[in-house]
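Read the figures in this text as sums done on the coordinates, not as results from a lab. Because the structure is a prediction, the values reported are computed rather than measured. So basically every Cβ, Gly included, is an ideal-geometry build from the backbone, and we count neighbours across all protein chains shown.
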Amino acid sequence: MKKIAIMGSTGSIGTQTLEVVRNNPELKVTALACGNNINRMEEQIREFMPSLAVMWTKEAAEELKVRVADLSVKILYGMDGLLAMATQEEAEILVTAIVGMIGIRPTIAAIEAGKTIALANKETLVCAGHLIMPLAKKKGVSILPVDSEHSAIFQSLQGQPKAKISKILLTASGGPFRHYTKDMLENITPEDALKHPNWNMGRKITIDSSTLVNKGLEVMEAKWLFDVDFSQIQVVVHPQSVIHSMVEYVDGGIMAQLGTPDMKLPIQYALFYPDRKFLPGKRLDFYELAQITFEKPDMETFRGLKLAYEVGERGGSLPTVFNAANEKAVALFLDKKIRYPEITEIIEECVARHKRIENPSVEEILNAECEVYQYITEKYKEI
């Protein structure tokens, strides 16, 4: 019996993780955490019977406590609740499916407690990779990627020495606008951007995929996960999304992981690594697959990806600024307060005005995030 705790249980990755649990009775959920979705959390508690549940606000926790008073589940809230969950004695694996830099401190706490990390929170490594990876190595903790592309790279590395990596080929669908010009992007609406051609994801990550900012975050994450230089990470647009990513070795050989666009595969692989379990669902049929194609990403039209490489190379606190500015800009766009191209413009502005910190602490990372949030909020408060 493997015992898992899930941060972000009501989101896209969290709910799909619970689908994997439903199909595998040898998995036991010990703790769940979400924002303020009380109805969904109550449903999950009653189905999976965790011993601990965490809400973000005290008000949500108090209401949930009343609703599940007939069950023996402890209800906590806020960062203290997430830290208690991360260090819960009975849990072996922490699935970090929560969105945002809120996931950094609980992930560090879980590593300190010796938990295996099933990582689905990009911000953890984008903003704090310089803290997370050395700590995991020191504690002998495995960080298993749940993100589709990073899982593909991880799977392609099995049985091969990392020192023999020549290049990581990080695939991207290209999103719904991959052949658009800059002028064509001017009139994009949130409804347009939320129509991803291949993947079913949450709203924010779907927008990030359309701007290629998400791929930029994945580039930064890959640098830390696989201990490679940015010059060794090449983004390849692959519209069919059947090759999830590849690794080129020093002899020119390339290993790739293929499959249908289904997040349950990387989730399940992380939960059972190094074992593989049966996963129900559609299989990739090469007789039906007419073609697989590849393109070079347009980093001039989609400047977010180009900027991500620049920010990643410079490092320090800049990746935090990049990520925080994007979060705020996407929220403004979804609220129809800014134009689509302004997402990247806001990121560029915030990166340009930031005074870089070389090796930021967790407190400095969170302060940098707060400063970006305050600047953008103040600038756009009249809209």
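Given the Cα atoms of the stretch 154-290, and with Rh set as the inverse mean 1/r over their pairs in the Kirkwood sense, what is Rg to Rh to two decimals? Before the final figure, lay out the partial values.
On the way: Rg = 16.3 Å, Rh = 16.6 Å.
Checking Rg against Rh, the ratio lands at 0.98.
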With the cut-off at 26 Å, tell me which of the pairs LYS164/LYS355; LYS3/LYS65; LYS167/LYS306; LYS195/LYS379; LYS223/LYS306 have Cα atoms farther apart than that.
LYS164/LYS355; LYS195/LYS379
Sequence-separation-based contact order of the stretch 1-74, relative, with Cα cut under 8 Å and 6+ spacing, percent
29
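Cut-off is 10 Å between beta-carbons; in what order do GLU221, GLU313 appear when sorted fewest neighbours first?
Values: GLU221 25, GLU313 13.
Taking fewest neighbouring Cβ atoms as first place, the list is GLU313, GLU221.
Of the listed peptides 101-107, 40-46, what is their order by residue-averaged count of other C-beta atoms within 10 Å, with the highest listed first? Intermediate results must be reported in sequence, preceding the final value.
Values: 101-107: 23.3, 40-46: 18.1.
Highest mean packing first, the order is 101-107, 40-46.
Between LYS195 and PHE278, what is 0.36 nm times their sequence separation minus the Cα-Cα distance? Round to one decimal in nm. Please report the intermediate quantities before stating the final value.
Details: separation 83, 0.36 × 83 = 29.88 nm, distance 3.02 nm.
Length gained, LYS195 through PHE278: 26.9 nm.
Kirkwood Rh and Cα-based Rg: tell me the resulting Rg over Rh for the chain, rounded to two decimals.
Working: Rg = 20.3 Å, Rh = 21.4 Å.
Taking Rg over the Kirkwood Rh, I get 0.95.
Cβ neighbours within 10 Å, averaged per peptide: list 261-271, 136-146, 76-86 in order, most packed at the top. Mind showing how you got there, number by number?
Working: 261-271: 22.5, 136-146: 17.1, 76-86: 19.3.
Going by the mean number of other Cβ atoms within 10 Å, highest first, we get 261-271, 76-86, 136-146.
Which percentage, to the nearest 5, of the DSSP beta bridges contained in the chain is antiparallel? Don't skip to the end; give the middle numbers.
Working: 10 of 39 bridges.
Counting only bridges with both partners in the chain, antiparallel ones make up about 25 percent.
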Over the C-alpha atoms of the stretch 1-159, what are the Rg and the largest Cα-to-Cα span, Dmax, in Å?
15.1, 51
Under 14 Å Cα to Cα from LYS282, which aspartates and glutamates show up? Leave out anything in the same chain fewer than 8 places away.
ASP262
Over 19 Å between Cα atoms: which of LYS215/LYS296; LYS58/LYS381; LYS28/LYS74; LYS204/LYS277 fall into that group?
LYS58/LYS381; LYS204/LYS277
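Want the number for GLU288 to GLU59: 0.36 nm per residue separation, take away the alpha-carbon distance, what's left? Can you show the working numbers first?
Numbers: separation 229, 0.36 × 229 = 82.44 nm, distance 5.16 nm.
Length gained between GLU288 and GLU59: 77.3 nm.
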